[in-house]
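The values are calculated or read from the model by the stated rules, or taken from the named source; none is laboratory data. Here the structure is a predicted model, which is why all the values come from computation and not from measurement. Glycine gets a Cβ as well: all are built from the backbone with ideal geometry, and neighbour counts include every protein chain shown. Heavy atoms of the whole protein, side chains included, go into the accessibility calculation; ligands, DNA and RNA do not. Shrake-Rupley method; radii C 1.70, N 1.55, O 1.52, S 1.80 Å.
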Amino acid sequence: MRQLIAGNWKMNGSLAMAGALVNALRAAAADKALACDLLVCPPATLVTIAAHALLGSPVAVGGQDCHAKASGAHTGDISAAMLRDCGATHVILGHSERRADHGETDAQVRAKVVAAVAAGLMPIVCVGETEAQRVAGEQDAVVAAQLAGSLPDGFAGVVAYEPVWAIGTGRTPTEADVAAMHAHIRRELVARLGAAGAGLRILYGGSVKPSNAAALMALPEVGGALVGGASLVAEDFLGIARAARG
Ligand code: PEP
């Protein structure tokens with residue numbers, strides 16, 4: 001399966017910035033030099049304009065979160081159906097910043113995944129251990145518990161392994177540690193979902209940049225990258241995309 005390089009803009013971006021960035025991605029994707037799939041996940045205010053600017057291009061657009069309900073009295077929230085209506089095809093769910101800033105639990109993430117699938121979105125579910133948990137050797141158990149709690153039965157989306165301590169820090173796990181965790185996640189997915197679990201993409205996220213992308217993307221069971229900071233600069237994001245496998 002082609003690798004997926006997904007950009008998580010987080011709470012960054014303006015109309016001007018989004019226009020320039022997606023136009024650069026659109027142009028790069030059009031020359032067919034890229035072997036991977038590309039996805040940008042701007043803040044909710046920019047999903048519509050990004051989707052509009054990328055209409056007819058192979059670059060997909062996603063949201064960074066959605067509510068578990070389809071509509072109703074939930075001030076400040078947006079639903080999966082609203083994202084779909086704006087042209088999104090994917091949604092990131094359970095990012096560690098959502099889990100930390102908003103106290104999102106595995107059960108809430110699972111409910112959001114169900115809502116996303118019902119609305120026709122491809123969910124990208126984030127899991128990953130904190131630094132203290134890794135130092136204590138608990139990373140496998142932590143990630144297994146997150147997968148068990150966050151994925152509904154029959155899950156057919158994308159999993160992103162994002163060690164919390166590697167996000168936005170410039171630090172990454174060793175290649176051996178990434179490979180070991182991706183193998184662990186694969187085993188958990190197959191145990192839970194059977195043969196279907198063998199075909200799901202598992203992205204790596206956490207300080208991916210052009211200089212480390214080729215080594216990370218070459219590891220077994222790495223199905224692409226979820227990229228934060230480097231996704232805000234077209235040349236950096238495209239540098240990562242060029243390192244991806246087809
Ligand atoms: C992320 O936000 O999902 C992420 C991986 O961020 P960064 O690439 O900046 O570490």
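With contacts taken as Cα pairs under 8 Å and at least 6 residues apart, the chain reaches a relative contact order of 22 percent. Sorting the segments 87-98, 105-116 by their residues' average number of neighbouring beta-carbon atoms within 10 angstrom, most packed first, yields 87-98, 105-116. Computed over protein heavy atoms with a 1.4 angstrom probe, the accessible surface ordering of LYS69, LYS10, LYS209, LYS32, largest first, is LYS32, LYS69, LYS209, LYS10. Ellipticity at 222 nm from helices only: DSSP H runs of n ≥ 4 in the chain, each -39500 (n - 2.57), divided by the residue count, give -12500 deg cm²/dmol.
Within a straight-line Cα-Cα reach of under 16 Å, LYS112 can be paired with the following lysines, leaving aside sequence neighbours fewer than 8 residues apart in one chain: LYS69. Once backbone amide H atoms are built at 1.01 Å from N, GLY223 has ILE202, LEU203, TYR204 as its partners under 5 Å, excluding neighbours fewer than 5 places away on the same chain. Evaluated with a Cβ-only charge set (Lys, Arg +1; Asp, Glu -1), the stretch 1-117 carries a dipole of roughly 180 debye about its Cα centre, given to the nearest 20. Counting only protein heavy atoms and a probe of 1.4 Å, the accessible surface of the chain is 58% carbon and sulfur. In this rough spin-label picture, where each label sits 7 Å from Cα along the Cβ direction, the ASP77-ALA35 distance is 4.2 nm.
Among the trypsin sites (Lys or Arg not before Pro) within the stretch 156-194, those in coil by DSSP and having at most 12 neighbouring Cβ atoms inside 10 Å are ARG171.
Summing charges over neighbours of GLY228, with a neighbour being any other residue whose Cβ is under 12 Å away from its Cβ, gives -1 when K and R count +1 and D and E count -1. Return the aspartates and glutamates within reach of LYS32: Cα separation strictly under 19 angstrom, same-chain partners fewer than 8 residues apart disregarded; answer none if there are no such residues. Within the straight-line cut-off, LYS32 pairs with GLU235, ASP236. Under a GNM of the chain (C-alpha, springs under 10 Å), which listed residue has the highest mean-square fluctuation: GLY120, GLY229, GLY62? Answer for the Gaussian network model of the chain: GLY120. Multiplying each eigenvalue of the alpha-carbon gyration tensor of the stretch 4-242 by 5 and taking the square root yields semi-axes of 25, 22, 16 Å, largest first, rounded to whole angstroms.
For the stretch 203-240 versus the stretch 135-185, the spacing of their alpha-carbon centroids is 16 Å.
Taking Cβ atoms as reference points and 12 Å as the exclusive limit, the residues near TYR204 contribute a net charge of -3, counting Lys and Arg as +1 and Asp and Glu as -1.
Which of THR45, GLY170, CYS86 sits closest to the plus end of the dipole of the chain, meaning its Cα is farthest towards the positive end, when Lys and Arg get +1 and Asp and Glu get -1 on the C-beta? Among THR45, GLY170, CYS86, the one farthest towards the positive end of the dipole of the chain is CYS86.
Computed from phi, the 3J(HN,Hα) profile of the stretch 237-246 under the Karplus parametrisation 6.51, -1.76, 1.60 (θ = phi - 60°) reads 5, 5, x, 5, 4, 5, 7, 7, 8, x Hz, with x in place of Gly and Pro. Ranking MET1, MET17, MET82 from most to least accessible surface, computed with a 1.4 Å probe over the protein chains only, gives MET1, MET82, MET17. The residues of the chain present an accessible area of 42 Å² per residue when probed at 1.4 Å with all protein chains retained. Could you please report the charge total around ASP106, scoring K, R as +1 and D, E as -1 over all other residues with beta-carbon less than 13 angstrom from its beta-carbon? Computed value for this residue: +3.
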